[in-house]
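Here the structure comes first, spelled out in structure tokens, and everything after it is commentary.
Please treat every number below as a calculation from the coordinates, not as lab data. Treat the numbers as computed from the prediction; the structure is a model and nothing was measured. Heads up, the Cβs are rebuilt from the backbone with ideal geometry, glycines too, and the neighbour counts pull from every protein chain shown.
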Amino acid sequence: KYINVGLTQGKYFDHKNSTFVSTSDDNWYASPNITGDYAEGDYNLRSIYIRSTTGESVHYSLENANLDDSYKGNSIKLSSIPVSAFDQLIEALPEKPWLEDSTEETIEEEPVPEAPVDEELEEEPEEEHEHELEYISNGDGTHTVHCIGHIHTTNEDGEEVETECDYEEIEACTFDEEGKCIYCGYTKEEEEKEFNPSISFSITNQTCTIGVDNPVISLNISQEDYSIAYAQVCFANYDNDKYINVGLTQGKYFDHKNSTFVSTSDSNWYASPNITSNYAEGDYNLRSIYIRSTTGESIHYSLEADTLNDTYKNASIKLIGSTTNMNNESEEVSQDESNNPDTSTETQNTEEQTESTQTQEDSYNQWIDYFRKLFGFG
């Protein structure tokens with residue numbers, strides 16, 4: 001026999017008076033209706049089940065061997081003394097009051113009649129039913145436990161009667177190290193972590209001369225449980241419709257000036273775009289970042305989608321035109337010629353020789369035109 005009852009916070013239902021009784025605290029209460037269906041004896045605490053409003057639950061029970069020892073002393077004792085026998089005991093008590101002076105005449109106590117013995121009490125107790133428990137997963141981290149065995153009793157005619165056990169409870173799953181319930185076999189679903197890597201940005205040689213030197217871009221990319229397969233950044237100069245779009249490599253970058261890879265001492269992602277004359281001078285601000293994991297997850301931050309973090313918007317590359325250097329080189333050459341007379345004279349002779357050669361070519365062409373006209377070819 002089992003007393004299985006749900007509790008209500010701050011009140012309980014009084015079955016005798018068919019009404020709720022409110023309490024003065026926020027404890028949880030229940031008052032099970034002890035009818036003739038119960039057998040006498042001690043009913044010890046077997047299990048406690050508690051569930052939160054958000055679905056989390058816990059189940060302590062003797063079967064699961066997780067019921068705290070401090071709870072095991074809680075029990076309810078049911079007895080079946082007939083009311084009529086109890087009334088006879090009350091009526092048999094002496095009606096005379098107790099004497100105040102013990103030296104007075106001793107009053108002989110009237111014999112108390114023995115209470116009639118209930119024949120039902122003399123019946124041999126029936127064999128206790130042992131549950132044959134079956135666990136069925138509810139698919140949400142709990143399972144339903146019910147007994148598949150049968151209860152064997154004897155009716156008034158002494159015939160053996162077999163009935164199905166109606167025991168049923170919902171319990172929280174107990175998981176092993178692999179996340180599988182040891183009772184129903186339900187496997188705990190792993191929470192999918194969002195692919196949202198942490199990124200830190202740095203640029204070496206941030207100001208470059210077109211055709212002379214190149215910047216080095218470095219990204220530190222990390223996220224637990226994910227490995228990065230590819231990264232790409234794009235810098236934009238919207239005024240001239242020019243873009244620096246480059247893929248990054250982990251732990252190294254390609255040096256276009258020396259046509260070789262340069263290895264770094266860390267696991268950051270690097271790129272060194274080749275700044276040629278195809279680029280226009282000006283500021284190239286970070287436009288987008290694209291990152292893809294080895295398992296296919298990807299993320300794309302961009303100015304157009306308004307997903308680029310404000311901390312990255314200050315990342316930029318400044319390109320300086322190479323014409324300034326060319327002018328400086330011309331000035332240096334002129335200065336060298338003025339400081340070196342031999343070089344100046346040699347340059348002048350070369351120019352005069354070029355003019356003489358051009359004059360000879362013009363005279364030769366004139367003679368050719370004359371002979372063409374003379375012989376009728378022109």
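Observations
- Placing pseudo-labels 7 Å out from each Cα toward the beta carbon at SER267 and LYS313 gives an inter-label distance of 3.2 nm.
- Pairwise FRET efficiency - GLU56 versus GLU164, Cβ, R0 = 45 Å, nearest 0.05: 0.90
- The trypsin sites (Lys or Arg not before Pro) of the stretch 229-309 that DSSP puts in a loop, and whose beta carbon has at most 15 other beta carbons within 10 Å, are LYS257.
- As a rough footprinting exposure proxy, the listed residues HIS59, HIS150 were ranked by other beta carbons within 10 Å of their own, and the order from fewest upward is HIS150, HIS59.
- Packing-based exposure ordering (other Cβ within 10 Å, fewest first) of THR187, THR264: THR187, THR264
- Modelled FRET efficiency - R0 41 Å, THR187 with VAL21, Cβ distances, 0.05 increments: 0.35
- Amide hydrogen neighbours beyond the local backbone of GLY10, cut-off 5 Å, H modeled: ASN27, TRP28, TYR29
- Per-residue extension of 0.36 nm, minus the Cα-Cα distance of ASN220 and SER198, leaves a gain of 7.1 nm for this segment.
- Packing-based exposure ordering (other Cβ within 10 Å, fewest first) of LEU45, LEU62, LEU286: LEU62, LEU45, LEU286
- The chymotrypsin sites (Phe, Trp or Tyr not before Pro) of the stretch 216-256 meeting both criteria, a DSSP state outside H, G, I, E and B (loop) and at most 16 other C-beta atoms within 10 angstrom of the site's C-beta, are TYR238.
- Sparsely packed chymotrypsin sites (Phe, Trp or Tyr not before Pro) within the stretch 8-48, loop by DSSP, other Cβ within 10 Å at most 16: TYR38
- Shape of the stretch 231-297, Cα gyration tensor, a/c cut at 1.5: oblate
- Under 5 Å between amide hydrogens, built in the peptide plane, is the criterion, and for THR207 it picks out LYS318 among residues at least 5 positions away or on other chains.
- Inter-label distance, nm, simple model (7 Å from Cα along the C-beta direction), LEU133/THR174: 0.7 nm
- Here LYS242 is the anchor, and the lysines within straight C-alpha reach of less than 20 Å, apart from those fewer than 8 places off in the same chain, are LYS313, LYS318.
- Distance from the stretch 225-269 to the stretch 147-176 (C-alpha centre basis), Å: 71 Å
- Between ASP14 and GLU40, the FRET efficiency from the beta-carbon distance, with R0 = 30 Å, is close to 0.85.
- Rounded to the nearest Hz, the phi-derived 3J(HN,Hα) couplings of the stretch 281-288 under the Karplus curve 6.51 cos²θ - 1.76 cosθ + 1.60 (θ = phi - 60°) are 6, x, 8, 10, 8, 4, 9, 7, where x marks glycine and proline.
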